[in-house]
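Worksheet: the structure to be examined is printed underneath.
The values are calculated or read from the model by the stated rules, or taken from the named source; none is laboratory data. A quick note: this is a predicted structure, and the numbers were derived from the prediction, not measured. Cβ atoms come from the backbone with ideal geometry, glycine included; neighbour counts cover every protein chain shown. These accessible areas exclude ligands, DNA and RNA; they are computed on the full protein's heavy atoms, side chains included. Shrake-Rupley method; radii C 1.70, N 1.55, O 1.52, S 1.80 Å.
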Amino acid sequence: MVKKYVYLFNEGNASMRNLLGGKGANLAEMTNLGIPVPTGFTVTTEACNKYYEDGKIISDEVINQIHESLAKLEDTSGKKFGSDENPLLVSVRSGARASMPGMMDTILNLGLNDKVVETMAKLTNNPRFAYDSYRRFIQMFSDVVMDIEKRLFENKIDELKEKKGVEFDTDLTAEDLKVLVSEFKEIYKKEKGEDFPQDPKVQLIESVTAVFRSWDNPRAIVYRRLNDIPGEWGTAVNVQQMVFGNKGDTSGTGVVFSRNPATGEKLIYGEYLMNAQGEDVVAGIRTPLPISKLKEQDPKIYQQFEGIVNTLENHYRDMQDMEITIEEGKLYFLQTRNGKRTAQAALKIAVDLVEEGMLTKEEAILKVEPKQLDTLLHPAFYTEDLKKAEPIAKGLPASPGAACGKIAFTAEEAKDRAALDEDVVLVRLETSPEDIEGMIAAKGILTVRGGMTSHAAVVARGMGTCCVAGCGTIKVDEVKRTIEVGGKVYTDKDYISIDGTSGNVYGEKIKTVTPEISGHFATFMGWADEIRKLKVRTNADTPKDAQQAAEFGAEGVGLCRTEHMFFAEDRIMAVRQMITSKDEEQRRRALDKILPMQRADFIGIYEALEGKPVTIRLLDPPLHEFLPNNNEDIKSLAKEMGLSFEELKLTVENLHEFNPMMGHRGCRLAVSYPEIAEMQARAIIEAAIEVKTTKGFDVVPEIMIPLVGEIKELKYVKDVIKDTVESVMEEKNVKLDYKIGTMIEIPRAALTADKIAKEAEFFSFGTNDLTQMTFGFSRDDASKFLSDYYDKKIYEQDPFAKLDQTGVGELVKIAVEKGRATRPGIKLGICGEHGGDPSSVEFCHNIGLDYVSCSPFRVPLARLAAAQAQVKNKR
Ligand code: PEP
Ligand code: MG
């Protein structure tokens, strides 16, 4: 049987979205509903994939089917390609399964040539219209199909307008436009070395091929990566008979929404322009009118229009974004789709549609993109100001939100200037643990190096501070205290603005606003919580973060990284003392100083969570993060420890590791120095006893051992913890429930999870390290070369941001199965960065984890993603 690559609009329907693309499926559906849609056909996404499989060649089979459908279109419309009586003109548009602004948009008026333009002029009795359409077509075809620079054509128009002394394109006469047409054809010939194609069939096949090609242009690839759209989907192409909005005063064109896309208000919203073609509305040359005006101008058409808008909204049970054209008093719908909307509007519409009885709560839950919620929780740029601003650089969107301030070059400076009420953005080559206070004080953080899981990115996300990381085009001169971008130099007196959602950096001041959270947000999240099965915890290292997360709905702490508590100025000295200690006695002295601090923090965290479970992880620092890294620091530490500078410097040098991420960290520290685990276990239990006796919260501390790869290693550290816990409980004469478990973040641990589960009461998947070790990609450096992998389509996504389900996910699945086989009730969670990524959350739901844990500002997102996973895949 021959495969069908082309479908007439009346042969398709809404369920064929994967094959026909969103636009094609909706055109088919509208046609079936009897809505006035100009006729046409869709070339399928499979034809696009075939084009790539065949080595970027459009096959004869596909071409023939296009020609067959064209013949049918000619039959039904009574028009013919290239006819000198009744010529057929078409538009060609791309249309992927998900709408994709990165791709080729539209070619209008295809079918015009030197002969047809004359016929059109006669038929419409409007030579100006005919020649204007022709020059637009040559321009679009040259630009989007043939890649000839737009500017060449625009210059010609400007020259002509200047010569004629007129201001607007609309002031040019038919004769002027004729001149332009021949000049445009000359440009085409000069650039392509051949004449502008006169055969409409050639024009058509070239255009279809251009749409296929545009699936793989750099903009489209970037858009796909940002929006989780797989490259294998391909795009469809829609070929539709032209209707004209620029045929005079009874014609027009418009873009409308069935509800307000900014606020969600239930009112038809949009703009239109009489005597114009689609691009005029967008181009902003003439100011369009609000659609409500059409009601006054032409009540009859408006009534029909309103009826169809309502039909479409009821049919799709969602807010619709539609394009209409009126041709000589007859209304057409050119396309409809579920409209893009702001987060506020998305929530209002979802709640309204349930209240209007159009959707169930389960269906409504799917109407809001989890990632969109981010914009409700973080400051954003004031839209009007942002429109006027041009980015000077782009880095990785490491932590969402917007920030604006003067440049601070060191953490200390950021802290001091912020204390004087100055807004600052901290700009660093990269951040290190010592920068923590400056990072807290800054409005935003910009780094030159580092990826999505670099120190700056992880810490900023945890704090909910906006961060752009790895912005390599910025040159920071820490000595001169300047940054240079694109030849311009900025100092500490200059403002910069950074957008942690897009990664854009602006060399100017842009006002920020904190969006209001409306009542719909709470209603909507309440529904998500009713529906979901997967629990959501948070990664929090301080009482403040834990408190924030609890307000966002966290149901416990899934990861408390105890080493992050050590970065504060008054603590780092004691920690450095601990790691550079020569013997156990010295180390115990340092640990004694740390114990009360840790206990106090744990008390704060337990209290913030009011008795909900808290997983506290034993120390897991790659040592280099803590070592004093300059002579100044070594000197003061030596003084504190009563050592000579030389002696301590030698120790520090000896502690240097070539590969700190795979070095003396995690449980390996506790194997070498069990007294560290003892101190931490004591602080964890003493704090829990304190909170139980003073506040009455029955905390069940979960003590987590990191970086385990071998059961005996786990057993050794577990025994140290157990002994300590038992003796603390005996000392205090209080009994507590507690659990001891492990992170699964080393491939060997995943592969031997059946054995590990004999000792571990819970597993928490540390997918940051598990990804690092499975790919062999350094968490801190991979962003430098991953872009080459995206360009070459070896990988489509950053595996540190979106869980690699094929490889890393397989290890997780193995560990889940093996862990449960040994210990059926074992508690399973994830605490790597993936716990806050929607598609990774869905994966965790599907494989039956008990909870995901993510940074506080991602908690609402994870709650929604978990509910969506349950709706899509009940468990
Ligand atoms: C992990 O490795 O996924 C993890 C949560 O631990 P960390 O990021 O602290 O190494
Ligand atoms: Mg880890």
Unique residue being closer than 21 Å to CYS854 by Cβ and either away from ligand 1 (no atom under 14 Å from the Cβ) or out of contact with any Phe, Trp or Tyr (no Cβ under 6 Å at 6 or more places or on another chain) (or both) when the list is GLU745, GLU759, GLU731, GLU713: GLU745
Residue count, region 415-430 (criterion: under 27 Å from LEU376 (Cβ atoms) and open to solvent by less than 60 Å² (accessible area, probe 1.4 Å)): 4
Conditions (1) in a helix (DSSP H, G or I); (2) surrounded by fewer than 18 Cβ atoms within 10 Å (Cβ to Cβ); (3) hydrophobic (A, V, I, L, M, F, W, C): number failed by ALA28: (2)
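Does GLU647 count as free of Cβ contacts under 8 Å to residues at least 12 places away in the same chain and open to solvent by 70 Å² or more (accessible area, probe 1.4 Å)? Explain how you work it out, then say what you get.
Values: free of Cβ contacts under 8 Å to residues at least 12 places away in the same chain: yes; open to solvent by 70 Å² or more (accessible area, probe 1.4 Å): yes.
Yes.
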The one condition in (1) open to solvent by less than 10 Å² (accessible area, probe 1.4 Å); (2) away from ligand 2 (no atom under 16 Å from the Cβ); (3) not in a helix (DSSP H, G or I) that VAL575 fails to fulfil: (3)
Test: residue in region 605-623 that is open to solvent by less than 10 Å² (accessible area, probe 1.4 Å), among the aromatic types (Phe, Trp, Tyr) and out of contact with any Ser or Thr (no Cβ under 6 Å at 6 or more places or on another chain): yes
Condition check for ARG337: more than 30 Å from THR431 (Cα to Cα), modelled with pLDDT under 95, open to solvent by 30 Å² or more (accessible area, probe 1.4 Å) and touching a strand residue (DSSP E or B) at 6+ places or on another chain (Cβ under 6 Å): yes
Residue within region 540-558 that is over 27 Å from GLY696 (Cα atoms), at pLDDT below 95, more than 16 Å from ligand 1 (Cβ to nearest atom) and of a type in the set (Phe, Trp, Tyr) present: no
Residue selected from region 344-368 under the condition in contact (Cβ under 8 Å) with a residue 40 or more places away in the chain and in a loop (DSSP other than H, G, I, E, B), by the criterion most open to solvent (accessible area, probe 1.4 Å): LEU366
Some residue of region 735-751 being open to solvent by less than 20 Å² (accessible area, probe 1.4 Å), in a helix (DSSP H, G or I) and at negative phi: yes
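Restricting to region 763-783, and then to whatever is away from ligand 1 (no atom under 12 Å from the Cβ) and free of Cβ contacts under 8 Å to residues at least 40 places away in the same chain, can you tell me which residue is farthest from LEU429 (Cα to Cα)? Walk me through it before giving the result.
Here is the first cut: in region 763-783, the residues away from ligand 1 (no atom under 12 Å from the Cβ) are 763, 775-778, 781-783.
So of that shortlist, the ones also free of Cβ contacts under 8 Å to residues at least 40 places away in the same chain come out as 775-777.
Details: PHE775: 26, GLY776: 24, PHE777: 21 Å.
Filtering first and then ranking leaves PHE775.
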Residue count, region 694-751 (criterion: within 19 Å of GLU675 (Cβ to Cβ), of a type in the set (Lys, Arg) and within 16 Å of ligand 2 (Cβ to nearest atom)): 0
Residue in region 818-827 that is in contact with a strand residue (DSSP E or B) (Cβ under 6 Å, 6 or more places away or on another chain), within 14 Å of ligand 1 (Cβ to nearest atom), open to solvent by less than 10 Å² (accessible area, probe 1.4 Å) and not hydrophobic (A, V, I, L, M, F, W, C) present: no
Residues that are open to solvent by 40 Å² or more (accessible area, probe 1.4 Å) and under 34 Å from the mean Cα position of the chain (by Cα), drawn from region 32-53: GLU46, ASN49, TYR52, GLU53
